[in-house]
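First comes the structure, then the notes that go with it.
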Amino acid sequence: MSLDRIGWAVDIVAPQASERLLEIGCGHGVAVTKVCDRLVDGEIVAIDRSAAMIAAAAHRNAEYVAAGRATLRVAELRSFDPGQRQFDKVFAIRVGVFTRGDPKREFAALARLLKPDGRVFLFHDEPSTHADEVAAKLDAAALRHQWIVEAQLAHAFDGGEIACVVARPPSSP
Ligand SMILES: C[S@@+](CC[C@H](N)C(=O)[O-])C[C@H]1O[C@@H](n2cnc3c(N)ncnc32)[C@H](O)[C@@H]1O
(Lines give C-alpha, C1' and ligand atoms only; values in the text may rest on other atoms or scores of the structure.)
Protein backbone atom coordinates (compact mmCIF):
# COMPACT_ATOMS: atom_id res chain seq x y z
CA MET A 1 0.00 0.00 0.00
CA SER A 2 1.41 3.43 -0.88
CA LEU A 3 1.94 5.83 2.00
CA ASP A 4 0.03 9.12 2.11
CA ARG A 5 2.19 12.18 1.40
CA ILE A 6 2.60 13.21 5.04
CA GLY A 7 3.35 9.67 6.21
CA TRP A 8 6.00 9.41 3.50
CA ALA A 9 7.49 12.77 4.44
CA VAL A 10 7.81 11.79 8.10
CA ASP A 11 9.45 8.51 7.07
CA ILE A 12 12.03 10.51 5.07
CA VAL A 13 12.66 12.93 7.95
CA ALA A 14 13.06 9.82 10.14
CA PRO A 15 12.83 11.51 13.56
CA GLN A 16 15.08 9.87 16.12
CA ALA A 17 13.97 9.43 19.73
CA SER A 18 15.96 12.36 21.16
CA GLU A 19 16.10 14.76 18.24
CA ARG A 20 14.86 18.33 18.19
CA LEU A 21 12.83 19.10 15.07
CA LEU A 22 11.15 22.16 13.61
CA GLU A 23 8.24 22.06 11.18
CA ILE A 24 7.44 25.14 9.09
CA GLY A 25 3.80 25.61 8.06
CA CYS A 26 2.37 22.72 10.08
CA GLY A 27 -1.26 23.38 9.10
CA HIS A 28 -3.56 21.04 11.05
CA GLY A 29 -0.59 19.33 12.73
CA VAL A 30 -0.85 15.90 11.11
CA ALA A 31 2.92 15.56 10.71
CA VAL A 32 3.42 16.81 14.29
CA THR A 33 1.42 13.83 15.56
CA LYS A 34 3.39 11.37 13.44
CA VAL A 35 6.70 12.85 14.62
CA CYS A 36 5.67 12.81 18.28
CA ASP A 37 4.70 9.13 17.94
CA ARG A 38 8.43 8.47 17.36
CA LEU A 39 9.97 10.78 19.96
CA VAL A 40 10.98 9.65 23.45
CA ASP A 41 12.76 12.63 25.00
CA GLY A 42 13.05 14.69 21.83
CA GLU A 43 10.92 17.67 20.87
CA ILE A 44 9.15 19.15 17.89
CA VAL A 45 8.46 22.85 17.53
CA ALA A 46 5.93 23.60 14.81
CA ILE A 47 5.12 27.04 13.46
CA ASP A 48 2.46 28.38 11.15
CA ARG A 49 1.69 32.00 10.28
CA SER A 50 -2.03 31.25 10.63
CA ALA A 51 -3.41 31.40 14.18
CA ALA A 52 -6.36 29.25 13.06
CA MET A 53 -3.99 26.50 11.88
CA ILE A 54 -2.01 26.59 15.13
CA ALA A 55 -5.27 26.34 17.11
CA ALA A 56 -6.25 23.27 15.05
CA ALA A 57 -2.79 21.71 15.45
CA ALA A 58 -2.86 22.38 19.21
CA HIS A 59 -6.26 20.71 19.51
CA ARG A 60 -5.13 17.68 17.53
CA ASN A 61 -1.88 17.32 19.52
CA ALA A 62 -3.12 18.38 22.97
CA GLU A 63 -1.66 15.33 24.74
CA TYR A 64 1.76 15.76 23.16
CA VAL A 65 1.77 19.49 23.96
CA ALA A 66 0.88 18.72 27.59
CA ALA A 67 3.67 16.12 27.72
CA GLY A 68 6.24 18.63 26.44
CA ARG A 69 6.89 16.73 23.19
CA ALA A 70 5.31 19.41 20.96
CA THR A 71 5.43 23.21 21.05
CA LEU A 72 3.21 25.13 18.61
CA ARG A 73 3.69 28.79 17.74
CA VAL A 74 2.06 31.33 15.45
CA ALA A 75 5.07 32.61 13.51
CA GLU A 76 6.40 33.32 10.05
CA LEU A 77 9.61 31.49 9.19
CA ARG A 78 11.62 34.56 8.20
CA SER A 79 11.10 36.24 11.59
CA PHE A 80 10.77 33.20 13.88
CA ASP A 81 12.80 33.50 17.08
CA PRO A 82 13.19 30.16 18.87
CA GLY A 83 15.24 31.59 21.75
CA GLN A 84 18.27 29.44 22.50
CA ARG A 85 17.06 26.50 20.45
CA GLN A 86 18.70 25.11 17.34
CA PHE A 87 17.36 22.10 15.48
CA ASP A 88 18.70 18.78 14.21
CA LYS A 89 16.15 18.73 11.41
CA VAL A 90 13.85 21.35 9.92
CA PHE A 91 11.12 20.36 7.48
CA ALA A 92 8.29 21.94 5.51
CA ILE A 93 5.52 20.16 3.61
CA ARG A 94 3.60 21.99 0.88
CA VAL A 95 4.76 25.45 1.92
CA GLY A 96 4.78 27.45 -1.30
CA VAL A 97 7.39 30.03 -0.34
CA PHE A 98 10.18 27.63 -1.38
CA THR A 99 8.95 27.34 -4.98
CA ARG A 100 7.77 30.90 -5.61
CA GLY A 101 9.77 34.12 -5.93
CA ASP A 102 13.06 34.27 -4.10
CA PRO A 103 13.01 32.80 -0.56
CA LYS A 104 16.28 34.52 0.40
CA ARG A 105 15.13 35.50 3.90
CA GLU A 106 13.65 32.06 4.48
CA PHE A 107 16.94 30.30 3.66
CA ALA A 108 18.80 32.78 5.90
CA ALA A 109 16.38 31.91 8.72
CA LEU A 110 16.86 28.18 8.13
CA ALA A 111 20.63 28.59 8.40
CA ARG A 112 20.21 30.33 11.79
CA LEU A 113 17.78 27.69 13.05
CA LEU A 114 19.84 24.60 12.22
CA LYS A 115 22.52 23.02 14.36
CA PRO A 116 25.90 22.99 12.58
CA ASP A 117 25.34 19.44 11.30
CA GLY A 118 21.58 19.85 10.82
CA ARG A 119 19.58 19.18 7.67
CA VAL A 120 16.56 20.76 5.98
CA PHE A 121 13.89 18.65 4.27
CA LEU A 122 11.64 20.51 1.82
CA PHE A 123 8.61 18.60 0.53
CA HIS A 124 6.31 19.98 -2.12
CA ASP A 125 3.69 18.94 -4.64
CA GLU A 126 1.67 20.82 -7.23
CA PRO A 127 -1.50 19.72 -9.04
CA SER A 128 -0.87 17.87 -12.32
CA THR A 129 2.90 18.38 -12.00
CA HIS A 130 5.53 15.67 -11.96
CA ALA A 131 7.68 15.45 -8.86
CA ASP A 132 10.87 15.98 -10.84
CA GLU A 133 9.61 19.40 -12.02
CA VAL A 134 8.78 20.39 -8.45
CA ALA A 135 12.11 19.05 -7.21
CA ALA A 136 13.91 21.14 -9.83
CA LYS A 137 12.27 24.30 -8.41
CA LEU A 138 13.20 23.37 -4.82
CA ASP A 139 16.72 22.53 -5.96
CA ALA A 140 17.13 25.82 -7.81
CA ALA A 141 15.95 27.83 -4.79
CA ALA A 142 18.42 26.06 -2.48
CA LEU A 143 21.32 26.32 -4.91
CA ARG A 144 20.66 30.04 -5.49
CA HIS A 145 21.52 30.56 -1.83
CA GLN A 146 24.55 28.28 -1.93
CA TRP A 147 22.92 25.45 -0.01
CA ILE A 148 24.27 21.98 -0.65
CA VAL A 149 21.60 19.61 -1.96
CA GLU A 150 22.33 16.11 -0.72
CA ALA A 151 19.32 14.22 -2.07
CA GLN A 152 16.26 14.55 -4.28
CA LEU A 153 13.42 12.11 -3.66
CA ALA A 154 9.93 11.54 -5.04
CA HIS A 155 6.83 9.61 -4.07
CA ALA A 156 3.52 8.86 -5.78
CA PHE A 157 0.45 9.13 -3.57
CA ASP A 158 -3.29 9.09 -4.29
CA GLY A 159 -3.43 12.82 -5.07
CA GLY A 160 -0.31 13.02 -7.28
CA GLU A 161 3.44 13.11 -6.81
CA ILE A 162 5.42 14.78 -4.06
CA ALA A 163 9.06 15.82 -4.23
CA CYS A 164 11.63 16.20 -1.47
CA VAL A 165 14.99 17.96 -1.39
CA VAL A 166 17.38 17.38 1.50
CA ALA A 167 19.92 20.18 1.95
CA ARG A 168 22.48 21.66 4.30
CA PRO A 169 23.64 25.26 4.60
CA PRO A 170 26.71 26.67 2.87
CA SER A 171 28.82 26.83 6.03
CA SER A 172 27.97 23.31 7.24
CA PRO A 173 30.66 20.62 7.76
C1 LIG B 1 -0.79 24.30 2.01
S2 LIG B 1 -0.67 24.42 3.76
C3 LIG B 1 0.16 22.87 4.14
C4 LIG B 1 -0.08 22.40 5.54
C5 LIG B 1 0.61 21.09 5.91
N6 LIG B 1 2.05 21.27 5.97
C7 LIG B 1 0.25 20.01 4.91
O8 LIG B 1 1.12 19.60 4.15
O9 LIG B 1 -0.91 19.59 4.90
C10 LIG B 1 0.63 25.62 4.01
C11 LIG B 1 0.70 26.11 5.44
O12 LIG B 1 1.92 26.82 5.60
C13 LIG B 1 1.66 28.05 6.26
N14 LIG B 1 2.72 28.97 5.81
C15 LIG B 1 2.94 29.40 4.55
N16 LIG B 1 4.04 30.17 4.49
C17 LIG B 1 4.55 30.22 5.75
C18 LIG B 1 5.67 30.87 6.33
N19 LIG B 1 6.50 31.62 5.58
N20 LIG B 1 5.90 30.73 7.66
C21 LIG B 1 5.04 29.99 8.41
N22 LIG B 1 3.94 29.35 7.92
C23 LIG B 1 3.70 29.46 6.59
C24 LIG B 1 0.25 28.44 5.86
O25 LIG B 1 -0.36 29.27 6.82
C26 LIG B 1 -0.43 27.07 5.78
O27 LIG B 1 -1.01 26.67 6.98
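Values as computed for the structure displayed
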item	result
Pairs with Cβ under 6 Å, 6+ apart, first in the range 86-115 and within 17 Å of P169 (Cβ to Cβ) and in contact (Cβ under 8 Å) with a residue 24 or more places away in the chain, second of a type in the set (G, A, S) and surrounded by 14 or more Cβ atoms within 10 Å (Cβ to Cβ)	F87/G118; D88/G118; A92/G25; F98/A141; P103/A141
Options R69, R85, R78: the member that is of a type outside the set (A, V, I, L, M) and closer than 30 Å to E161 by Cβ	R78
Residues of the range 39-54 satisfying the condition of being part of a helix (DSSP H, G or I) and touching a strand residue (DSSP E or B) at 6+ places or on another chain (Cβ under 9 Å)	A51, M53, I54
Lone unmet requirement of (1) more than 9 Å from the ligand (Cβ to nearest atom); (2) within 11 Å of the chain's Cα centre (by Cα); (3) of a type in the set (G, A, S) for A51	(2)
Complete set of residues in the range 1-18 that are assigned to a loop (DSSP other than H, G, I, E, B) and within 11 Å of the ligand (Cβ to nearest atom)	D4
Hey, G101 more than 9 Å from the ligand (Cβ to nearest atom), over 19 Å from D48 (Cα atoms) and within 15 Å of the chain's Cα centre (by Cα) or not	no
Filter pass, L39 being free of Cβ contacts under 8 Å to residues at least 40 places away in the same chain and more than 18 Å from F123 (Cβ to Cβ)	yes
Residue within the range 109-128 that is among the polar types (S, T, N, Q) and modelled with pLDDT under 95 present	yes
Residue, farthest from L113 (Cα to Cα), within the range 19-38, restricted to residues that are near the ligand (Cβ under 7 Å from one of its atoms) and assigned to a helix (DSSP H, G or I)	V30
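The values are calculated or read from the model by the stated rules, or taken from the named source; none is laboratory data. Because the structure is a prediction, the values reported are computed rather than measured. Cβ atoms come from the backbone with ideal geometry, glycine included; neighbour counts cover every protein chain shown.
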